[in-house]
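The values are calculated or read from the model by the stated rules, or taken from the named source; none is laboratory data. A quick note: this is a predicted structure, and the numbers were derived from the prediction, not measured. Positions of Cβ are backbone-derived with ideal geometry, glycine not excepted, and every protein chain shown enters the neighbour counts. Calculation scope for accessible area: heavy atoms of the full protein, side chains included, ligands and nucleic acids excluded. Shrake-Rupley method; radii C 1.70, N 1.55, O 1.52, S 1.80 Å.
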Amino acid sequence: MSATAALAIFVVAFVLIATEKVDKVKVVLIAAGAMALLGLIPGDEVFFSEHEGIDWNVIFLLLGMMIIVGIIKQTGIFDYLAIWAAKRSRGRPYRLLVMLMAITAIASPFLDNVTTIMLVAPVTLVVCGRLQIPAQPYLIAEVLASNIGGAATLIGDPPNIIIGSRAGLSFNDFLVHMTPIVVIIFAAFTLLCWPLFRRSFRYNPDRVAEVMALQESRAITDRALLARCLAVLALVILGFGLHSVLHVEPSIVALLGAGAMILVARTEVNDVLKEVEWPTLVFFMGLFVMVGGLVHTGVIETFGGWAVETVGDNFFGAATALLFGSAVLGAFFDNIPYTATMAPIVEGLAAEAPDPGTGRALWWSFALGADFSGNGTAVAASANVVALGIAARNGQRISFWEFTRYGIIVTLLTTLMAWGYVYLRYFA
């Protein structure tokens, strides 16, 4: 009965978010409150449980990076990069799109997807403003590219960190098994972007001529502050990269970086806090509680267990179920808590495999499905929600369905290619 109630609340909330008839922050707060009130998630676990409550690592990572980006923006570096990108692409929409996507995809395997989007999105908004073109297609493409690129390494996407820890997979394991297919899929996605977004491409020769005449170096307003900020940012990125060595959570690194950034910028804290996307943070908190209710009542585990049981001892069938099942379920339930919930099920299934190679194939299938599910809907991954929040705040609103209709196409493409890769590499 509790599972039914939790699923009903989640479905109603998801429909309201998808139809956008009610503000999404209000929806998740009411839904989360209803789950807590009905006892579908224990009150003490909402704030303290690692798998059934608010993921404070994500919340404080977002908060820290919002502060860092807000201070860096004061230096004019985003204007500099925007003018540079516009001039290198000569204002050609598709060329500019590919350039921004490539930057995003290259950064994502080494930074988490949220950090990458928070660094690239402001540049995108400025360059689109300079060229007087809509920013929505570029932001959507960057998020999709980030979710694809982040799958390449152990630290590029939170589900990979969870899987690597549970399965005993190293950074090099991910490089060998995940990076090749990610590179192929990104190349295919780059080609797909032309028919996907071509109706949105606009070329304004007058604006391009004006931008080409600009000197990007003049966009930097405070070179001394920029030097200090870049030094702090470099240390933050280094901290992210050394996560597995230092054993310091990315959220702590981001908060330390935010504090250091405030010190070197000598700015007022109240001015900095104005740059924080508070509605986005609150939305995440409510969403985590909603998903926690599904985890606590066994909804996600039931769906995952049922999918695995239906394939019996057909391990290619199990890999297929994990890949496609994760791509679908992760798109609706947020791929981070979904991965944490399903990991024990996959571990048990891998233990029943006839040899270690087959067991590892199940883990890679699960990783590919969980990573690529982040493109499925507008709420399937943290980077998606953050990008939509940034876009809305800057007057470039992206609706749930505007993002999701592209996300579904890309998820289908990536999942099918990943399925062929799994078959050829592990089962053929």
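A few points about this structure:
- If only residues of the stretch 1-49 that are assigned to a loop (DSSP other than H, G, I, E, B), of a type outside the set (A, V, I, L, M, F, W, C) and without any contact (Cβ under 8 Å) to a residue 40 or more places away in the chain are counted, the one that is most open to solvent (accessible area, probe 1.4 Å) is 21.
- From 355, 313, 371, residue being in contact with a Pro (Cβ under 7 Å, 6 or more places away or on another chain) and more than 30 Å from residue 129 (Cα to Cα): 371
This table checks each residue for (1) modelled with pLDDT under 90; (2) small (Gly, Ala, Ser); (3) under 24 Å from residue 139 (Cα atoms).
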position: 382; (1), (2), (3): yes, yes, yes
position: 386; (1), (2), (3): yes, no, yes
position: 400; (1), (2), (3): yes, no, yes
position: 403; (1), (2), (3): no, no, yes
position: 424; (1), (2), (3): no, no, no
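- Of the candidates 277, 249, 301, the single residue that is open to solvent by 70 Å² or more (accessible area, probe 1.4 Å), within 19 Å of the chain's Cα centre (by Cα) and at pLDDT below 85 is 249.
- Qualifying positions in the stretch 355-381 - open to solvent by 20 Å² or more (accessible area, probe 1.4 Å) and of a type in the set (A, V, I, L, M, F, W, C): none
- Applying the criterion of being among the aliphatic types (A, V, I, L, M) and crowded, with 24+ Cβ neighbours inside 10 Å to the residues of the stretch 148-168, the residue that is nearest to residue 364 (Cα to Cα) is 163.
- The set of residues in the stretch 91-127 that are part of a loop (DSSP other than H, G, I, E, B), open to solvent by 10 Å² or more (accessible area, probe 1.4 Å) and in contact with a helix residue (DSSP H, G or I) (Cβ under 8 Å, 6 or more places away or on another chain) comprises 109, 110, 111, 112.
- Condition check for residue 384: buried (at least 24 other Cβ atoms within 10 Å of the Cβ) and over 20 Å from residue 303 (Cβ atoms): yes
- Where residue 256 falls short, out of the listed (1) under 30 Å from residue 92 (Cβ atoms); (2) open to solvent by 80 Å² or more (accessible area, probe 1.4 Å); (3) of a type in the set (A, V, I, L, M): (1)
- Subset of the stretch 345-365 that is among the hydrophobic types (A, V, I, L, M, F, W, C) and modelled with pLDDT under 85 - its residue that is farthest from residue 163 (Cα to Cα): 353
- Of all the criteria given as (1) within 28 Å of residue 10 (Cα to Cα); (2) assigned to a helix (DSSP H, G or I), the one not satisfied by residue 421 is (1).
- Any chance residue 361 is touching a helix residue (DSSP H, G or I) at 6+ places or on another chain (Cβ under 8 Å) and not in a helix (DSSP H, G or I): no
- Scanning the stretch 187-206 for residues that are among the acidic types (Asp, Glu), on the phi < 0 side of the Ramachandran plot, surrounded by 14 or more Cβ atoms within 10 Å (Cβ to Cβ) and modelled with pLDDT under 80 turns up nothing.
- Residue count for the stretch 128-156 satisfying the condition of being assigned to a loop (DSSP other than H, G, I, E, B) and more than 10 Å from the chain's Cα centre (by Cα): 7.
- Residue count, the stretch 389-428 (criterion: small (Gly, Ala, Ser), surrounded by 15 or more Cβ atoms within 10 Å (Cβ to Cβ) and within 26 Å of residue 321 (Cα to Cα)): 2
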